[in-house]
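Reviewing the structure listed below.
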């Protein structure tokens with residue numbers, strides 16, 4: 001019998017499909033989901049891992065735990081069988097045992113799974129450690145960020161840049177990055193992305209458990225709505241969830257490759273009754289000296305999109321810190337309001353669930369140059385306010401440039417500018433400054449007539465610096481646009 005809810009149970013004793021013969025296992029290769037299609041409840045059975053040819057299909061019947069007198073015998077043979085418990089002398093609460101001692105005594109109970117038993121016990125020990133936050137080393141490969149972390153030993157480690165949590169059994173180096181979803185792989189299974197797809201590499205088999213951030217607003221109602229897909233060169237499988245917390249889904253790690261959270265599309269979006277936990281990110285573009293304007297870009301994104309992924313695609317803009325949390329509905333229209341703006345475009349836009357690879361602004365707010373503070377409001381289509389912040393722009397790089405005379409900033413980085421400016425960037429700066437009228441035709445000819453790159457750079461920065469703040473600010477702005485990395489290193493960005 002299969003329980004649908006508190007009121008209905010399906011009894012397939014007399015009649016039913018072939019699925020009624022699928023047996024129970026405490027370590028199943030399938031999962032069951034109850035979905036509503038055209039106001040009728042349906043049961044979907046799907047794989048939660050790669051299934052070998054000839055392997056028996058099974059899922060967890062999720063029997064209620066009973067006392068010893070009323071237990072239903074289980075003979076599934078799984079390592080984590082509900083009735084393959086540790087002997088009392090080696091209880092998890094006992095402190096005077098070693099992993100090897102446990103495995104030796106348990107060899108009589110589960111003789112074929114000693115190695116996996118050892119791994120599970122080490123993982124269990126690691127989970128007793130307090131969680132440690134860490135900031136990984138940020139790497140840039142072909143303009144795409146990746147993250148690296150040297151784990152010092154067993155324990156639970158939380159990445160502050162991505163929200164990922166790793167349960168490690170030993171010292172190892174982790175490297176991870178986001179990769180592009182191929183939605184065609186699982187659309188036929190009624191799934192859709194519910195977070196970024198992460199690809200993991202590890203120097204040893206040290207990662208036993210992975211906590212992936214989700215963007216649900218009610219974790220208690222998310223059982224059956226969320227899954228984790230594991231994608232390898234051989235295909236994909238869906239992994240059984242160990243737990244759903246308020247912020248994460250927890251899975252065991254069979255082996256490393258790509259992992260991502262997915263939704264049961266019909267269960268999650270058939271009725272749009274629950275909002276998505278979301279974030280509002282703000283990025284300030286460089287000023288346009290001709291129009292005396294600058295754009296503040298507004299991104300509406302799910303909560304579990306890492307900030308660094310967005311920042312990496314907008315290096316020519318400055319991230320403006322502001323409390324970002326909000327709740328938004330998929331495909332609902334929203335609008336942005338800002339009293340200080342010359343113009344906001346578009347007037348309204350639908351909230352789309354973007355999980356890469358590209359992140360584009362949802363709204364563009366055009367502001368007067370040197371705006372110090374703005375109030376930004378996000379409203380839904382009923383004009384209800386869903387997010388409001390008073391944002392200070394004086395802490396951005398451009399305001400700092402104005403607070404200290406730009407010519408003094410150029411003077412402080414003159415030697416580094418001359419030594420490090422690439423020839424291609426230097427040529428682009430000359431063209432840009434000539435177009436803006438910062439340098440004259442004669443000055444352009446004089447600088448370009450010089451053969452050596454360093455001498456050209458020296459002449460350019462000295463010429464511009466002598467012309468005062470506006471000209472110096474134009475050079476700084478142009479450099480930030482043409483070479484964001486060098487600008488950042490020179491602390492001009």
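The values are calculated or read from the model by the stated rules, or taken from the named source; none is laboratory data. Just so we're clear, the structure is a prediction, and the values are computed from it rather than from any experiment. Ideal geometry is used to build each Cβ from the backbone, glycine not excepted, and the neighbour counts take in all protein chains shown.
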Residues being surrounded by 20 or more Cβ atoms within 10 Å (Cβ to Cβ) and either without any contact (Cβ under 8 Å) to a residue 24 or more places away in the chain or part of a loop (DSSP other than H, G, I, E, B) (or both) - total across the range 164-182: 3
What is the one condition in (1) over 25 Å from the mean Cα position of the chain (by Cα); (2) outside any strand (DSSP E or B) that residue 367 does not satisfy? (2)
Sort out which residues of the range 185-203 are within 11 Å of residue 231 (Cβ to Cβ), surrounded by fewer than 19 Cβ atoms within 10 Å (Cβ to Cβ) and at pLDDT 90 or above, and write them in order of number. 199
Checking 480, 485 in turn, the sole residue that is loosely packed, with under 14 Cβ neighbours inside 10 Å and under 34 Å from the mean Cα position of the chain (by Cα) turns out to be 485
Among the residues of the range 357-364, are any more than 25 Å from residue 198 (Cα to Cα), in contact with a helix residue (DSSP H, G or I) (Cβ under 9 Å, 6 or more places away or on another chain) and in a strand (DSSP E or B)? no
